[in-house]
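K.L.:
The structure is given below, and queries will be raised subsequently.
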Amino acid sequence: MRVFVTGATGWVGSAVVRELVETGHQVTGLVRSTEGAVKLTAAGARPLMGSLDDIQRLQGGASRADAVIHTAFNHDWSRFAENSAQERRALEAIGVTLEGSSRPFLVTSGVAFLAPGRIATEDDLAPAASERFPRSPEATVSELIARGVRATAIRLAPSVHGLGDHGFVPRLAAIAREKGVSAYVGEGLNRWPAVYRLDAARVYRLALENVTAGPFHAIGETGVALRDIAKAISRSLGLPLVSVSPDEAAAHFGWFAPFASIDAPASSDRTRALLDWTPEQPDLLADLAQPGYFSTGPAASSH
């Protein structure tokens, strides 16, 4: 199958490209730099230079493909609303190209705000975009489905982990370095789902090859307590482990406080049954115990 992948050199996208190439698919990936193009070529894929703002490039890549996988997002949190609008325009543009065809379109989403405080499932509807959290790719997916696009969402865990991780857990580690303590909120019993990036990549590939009604949950662990994650950071960095009160969370974690406080467990039972998917890689706490896991810090990037 010829597959067009956005965010092809990002943390998740590069794993998806690897999974697709190793299983015999032909991949074209959207990249923003010559360095990215070199990496993608080395991975066995064909680079297409451009960004999410290059509507003609996006539509050209989609028009020449049998399927499209979207993993790109600019994680510059200071421009979150603007980046969310950029993503929406890109999804709509790709949708125009795929409209009326049977070509699948897999769009990356998340589970963090699906059902705070209880275990979220694939049956839960994604929240609409709001001023507090303006990103809602699944709203666009629903609009595309209504227009005849064969679109579905792949929902990722808040922690998509592995060596080289620059996401949520390294963000906690960066705050710990800055503050001199590894902290959690209250009793630290709030939970984050987690998945190893290579396991997540298999969900994309299996959904592509066995497309049925989504969304799909790339969730390896239903929920890992934030206190246990903070403890792993404390042990690795040699910093004290402390609790901050909910009233102190904003001052300690800054813009990251809502994520440090959220209780967002999620299951993947339906995904496992439909796709015959079983996670095979290490769980989050085992992964965090590896030497060097926190040697690289978080960065603004595509998925």
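The values are calculated or read from the model by the stated rules, or taken from the named source; none is laboratory data. Since the structure is predicted, the reported quantities are computational estimates derived from the model, not experimental observations. All Cβ positions, glycine included, derive from the backbone under ideal geometry; neighbour counts span all protein chains shown.
K.L.:
Residues that are in the same structural domain as Asn210 (by TED's automatic domain parsing), under 15 Å from the mean Cα position of the chain (by Cα), at pLDDT 95 or above and not charged (D, E, K, R): does segment 75-86 have at least one?
P.N.:
No, segment 75-86 contains no residue that is in the same structural domain as Asn210 (by TED's automatic domain parsing), under 15 Å from the mean Cα position of the chain (by Cα), at pLDDT 95 or above and not charged (D, E, K, R).
K.L.:
Quick one: in segment 127-153, of everything that is in a loop (DSSP other than H, G, I, E, B) and hydrophobic (A, V, I, L, M, F, W, C), which residue is modelled with the highest pLDDT? Working first, answer last.
P.N.:
Restricting attention to segment 127-153, the residues satisfying the condition of being in a loop (DSSP other than H, G, I, E, B) are 127-136, 147-149.
Retained after the next criterion (residues that are hydrophobic (A, V, I, L, M, F, W, C)): 128-129, 133, 149.
Details: Ala128: 79, Ala129: 75, Phe133: 75, Val149: 95.
Once the filter is applied, the top-ranked residue is Val149.
K.L.:
Among the residues of segment 268-276, is there at least one that is touching a residue at least 24 places away in the same chain (Cβ under 8 Å), assigned to a loop (DSSP other than H, G, I, E, B) and within 19 Å of the chain's Cα centre (by Cα)? Give the steps one after another, and end with the answer.
P.N.:
First pass over segment 268-276, keeping only residues touching a residue at least 24 places away in the same chain (Cβ under 8 Å): 268-271, 274-276.
Adding the requirement that they be assigned to a loop (DSSP other than H, G, I, E, B) leaves 268, 276.
Still in the list and also within 19 Å of the chain's Cα centre (by Cα): 268.
The answer is yes; a qualifying residue exists.
K.L.:
Six or more apart or on different chains, Cβ under 9 Å: which pairs go from a residue in segment 222-246 that's over 12 Å from Trp192 (Cβ atoms) and at pLDDT 95 or above to one that's assigned to a helix (DSSP H, G or I) and of a type in the set (Ser, Thr, Tyr)? Could you list them?
P.N.:
So the pair list comes out as Pro240/Ser234; Leu241/Ser234; Val242/Ser234; Pro246/Ser261.
K.L.:
Does segment 208-223 contain at least one residue that is aliphatic (A, V, I, L, M) and assigned to a helix (DSSP H, G or I)? It would help to see each step written out before you state the result.
P.N.:
Narrowing segment 208-223 to residues aliphatic (A, V, I, L, M): 208, 211, 213, 218-219.
With assigned to a helix (DSSP H, G or I) added as a condition, the list becomes 208.
Checking segment 208-223: at least one residue is aliphatic (A, V, I, L, M) and assigned to a helix (DSSP H, G or I).
K.L.:
Which number in (1) without any contact (Cβ under 8 Å) to a residue 60 or more places away in the chain; (2) surrounded by fewer than 17 Cβ atoms within 10 Å (Cβ to Cβ); (3) not small (Gly, Ala, Ser) marks the one condition that Leu163 misses?
P.N.:
Leu163 satisfies all of (1) without any contact (Cβ under 8 Å) to a residue 60 or more places away in the chain; (2) surrounded by fewer than 17 Cβ atoms within 10 Å (Cβ to Cβ); (3) not small (Gly, Ala, Ser) except (1).
K.L.:
For the structure I just gave you, tell me whether Ala249 is farther than 25 Å from Val3 by Cα, surrounded by fewer than 20 Cβ atoms within 10 Å (Cβ to Cβ), aliphatic (A, V, I, L, M) and outside the structural domain of His75 (by TED's automatic domain parsing). Lay out the reasoning, then the answer.
P.N.:
Details: farther than 25 Å from Val3 by Cα: yes; surrounded by fewer than 20 Cβ atoms within 10 Å (Cβ to Cβ): yes; aliphatic (A, V, I, L, M): yes; outside the structural domain of His75 (by TED's automatic domain parsing): yes.
For Ala249, the condition - farther than 25 Å from Val3 by Cα, surrounded by fewer than 20 Cβ atoms within 10 Å (Cβ to Cβ), aliphatic (A, V, I, L, M) and outside the structural domain of His75 (by TED's automatic domain parsing) - is met.
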